[in-house]
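Here is the structure we will look at, set down as structure tokens.
The values are calculated or read from the model by the stated rules, or taken from the named source; none is laboratory data. For clarity, every value in this text was computed on a predicted model and none was experimentally measured. Cβ sites come from the backbone with ideal geometry, for glycine too, and all protein chains shown count toward neighbours.
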Amino acid sequence: MNYEVIALILFAAIFLFLMTGYPVAFVLGGLSVIVGIIFVPDFLDFLPLRIMGTLQNYVLLAVPLFVFMGLTLEKSGIAEELLRSMGVLFGKVKGGLALSVVIVGTLLAASTGIVGATVIAMGLISLPIMIKKNYSIPLATGVIASSGTLGQIIPPSVVLVLLGSVLNVPVGELFKAAIVPGMLLVLAYILYILGFAFVYPDKAPALPEEEIRLYKSANYLSKLLKSFLYPMVLIIAVLGVIFTGIASPTEAAAVGALGAILLTLFQKKLSWKLLKAVSIESTHLTSMVFMILIGATTFSLVFRGLGGDKMLISMIEGSNLTSYQFLLLVMVIVFIAGFFIDFIEIIFIIVPIVAPIFAKFQMDPLWIGILLALNLQTSFLTPPFGFALFYLKGVAPPEVKTSDMYKGIVPFIMIQLGVLLLVAFFPKIL
């Protein structure tokens with residue numbers, strides 16, 4: 001049998017096994033090693049060098065540091081106080097609670113970037129209040145889930161760090177390029193909420209005057225300043241040193257991790273118990289990412305050893321696809337894959353295969369990285385495996401149905417795809 005056909009069979013087999021729920025890292029690494037031993041054993045001699053080269057990538061050190069920073073802030077209670085203060089600030093506006101969720105999601109995205117932590121925090125605090133105030137349940141769940149995913153495009157973002165390492169693009173440049181698309185998403189969310197509240201005022205009401213007055217009577221200005229100040233200090237500390245060239249993204253991630261600890265200390269919430277919990281969870285998440293990375297490195301080596309990459313390039317050349325037609329094809333594949341597998345798997349399985357073809361077409365890898373990041377953001381919302389929906393369903397009150405959540409996220413997925421198209425047609429906005 002032709003080795004190139006075996007490469008395709010390996011690729012298809014990996015996707016089939018992923019559907020069984022078996023751990024991704026072991027599916028990638030295990031199947032690839034078995035196929036490699038049978039068909040290209042000589043190529044496996046290079047595997048230890050490839051794995052060590054990947055693990056020694058200095059840029060990837062930012063992943064555990066950003067994860068640690070986000071978890072520390074989430075457990076310190078900064079998100080909770082910020083949500084309460086912002087809810088009152090926008091309380092007089094119809095749809096004000098939903099607007100506050102978007103603003104808080106933006107600030108948390110720029111200071112933590114952890115989707116699960118953001119969605120759970122906002123789901124626990126905002127969703128019961130919004131339901132109590134007679135908000136449309138689809139709107140409430142859609143706003144919370146989509147705002148929680150902003151951390152995937154607004155820097156500092158783990159997605160951008162991983163994409164930078166795979167596409168060989170400086171992470172700092174990706175961070176800069178992602179700011180405008182991220183802000184466009186936020187603006188589009190706000191406009192949609194205002195439009196919804198205008199058309200359906202009874203489904204997105206303002207807060208009662210007496211409730212706002214009661215909260216403001218208890219040292220409201222001080223609470224608002226503190227809740228804004230802490231995330232902004234961290235945002236400036238992390239992104240400021242990157243954009244000014246003072247530090248690399250990895251060094252900035254270390255600044256962010258230390259800054260999160262200091263902010264928790266200032267709030268008098270730093271304890272051994274908190275540090276232990278954050279450290280264990282950070283280690284767990286980081287280990288998962290790096291095990292998948294090792295498995296993906298193994299797959300990439302065997303796939304190329306079988307000639308899979310050359311076959312794909314020859315197929316693209318033989319099909320006479322233009323660079324933009326190929327880009328459209330990749331974007332559709334990534335979007336559909338997001339229904340079934342995690343963004344990390346897409347980055348480490350699909351992106352390394354298509355990256356050389358983008359390079360052959362001489363397409364800007366920075367632009368491609370931002371398009372992929374926007375596309376991958378939808379994977380957190382698309383059923384049946386949208387992780388933001390899982391997180392939210394886990395903390396939602398009993399009256400929130402899964403069907404309500406699916407209805408609620410559809411407009412926000414359309415908004416995300418709209419911004420993706422905007423960036424695709426007007427790359428100069430980056």
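A few comments on the model shown:
- In the set (1) more than 20 Å from E81 (Cα to Cα); (2) at pLDDT below 85, the condition left unmet by V255 is number (2).
- Number of positions in the stretch 297-310 that are assigned to a helix (DSSP H, G or I), modelled with pLDDT of 80 or more and either out of contact with any Phe, Trp or Tyr (no Cβ under 9 Å at 6 or more places or on another chain) or of a type in the set (G, A, S) (or both): 4
- Residues satisfying the stated conditions in the stretch 1-11, i.e. surrounded by fewer than 18 Cβ atoms within 10 Å (Cβ to Cβ) and aliphatic (A, V, I, L, M): M1, V5, L8, I9
- Counting the residues of the stretch 311-343 that are under 30 Å from L389 (Cα atoms), outside any helix (DSSP H, G or I) and not acidic (D, E) gives 4.
- Applying the criterion of being within 16 Å of L71 (Cα to Cα) and within 21 Å of the chain's Cα centre (by Cα) to the residues of the stretch 228-254, the residue that is surrounded by the most Cβ atoms within 10 Å (Cβ to Cβ) is V238.
- Candidates V289, V330, V278: the one that is β-branched (V, I, T) and under 21 Å from L55 (Cβ atoms) is V289.
- Matching option when the condition is touching a Ser or Thr at 6+ places or on another chain (Cβ under 6 Å) and either over 30 Å from I131 (Cβ atoms) or modelled with pLDDT of 85 or more (or both), among G338, G318, G408: G408
- Residue check, L185 within 17 Å of I413 (Cβ to Cβ), in a helix (DSSP H, G or I) and touching a residue at least 40 places away in the same chain (Cβ under 8 Å): yes
- Annotation note: of G369, G308, G295, the sole residue that is touching a helix residue (DSSP H, G or I) at 6+ places or on another chain (Cβ under 6 Å), over 27 Å from P170 (Cβ atoms) and surrounded by 18 or more Cβ atoms within 10 Å (Cβ to Cβ) is G308.
- Whether a residue is in a helix (DSSP H, G or I), within 14 Å of the chain's Cα centre (by Cα) and surrounded by 24 or more Cβ atoms within 10 Å (Cβ to Cβ) was assessed, and S126 does not pass this test.
- Whichever residue in the stretch 129-153 is modelled with pLDDT under 90 and aliphatic (A, V, I, L, M) and, among such residues, is surrounded by the fewest Cβ atoms within 10 Å (Cβ to Cβ): I129
- Considering the conditions (1) in contact (Cβ under 8 Å) with a residue 40 or more places away in the chain; (2) within 21 Å of L61 (Cα to Cα); (3) over 12 Å from the mean Cα position of the chain (by Cα), I153 is excluded by exactly one of them, (3).
- Residue that is nearest to F17 (Cα to Cα) [pool: residues in the stretch 317-330 that are among the hydrophobic types (A, V, I, L, M, F, W, C) and surrounded by fewer than 19 Cβ atoms within 10 Å (Cβ to Cβ)]: L329
- Considering the stretch 350-430, the qualifying helices (runs of 4 or more DSSP H), each wholly inside and each with 1 or more residues that are polar (S, T, N, Q), run over 365-378, 402-425.
- The residue that is surrounded by the most Cβ atoms within 10 Å (Cβ to Cβ), counting only those in the stretch 12-55 that are in a loop (DSSP other than H, G, I, E, B) and at pLDDT below 80, is P23.
- Condition check for V289: at pLDDT 90 or above and in a helix (DSSP H, G or I): no
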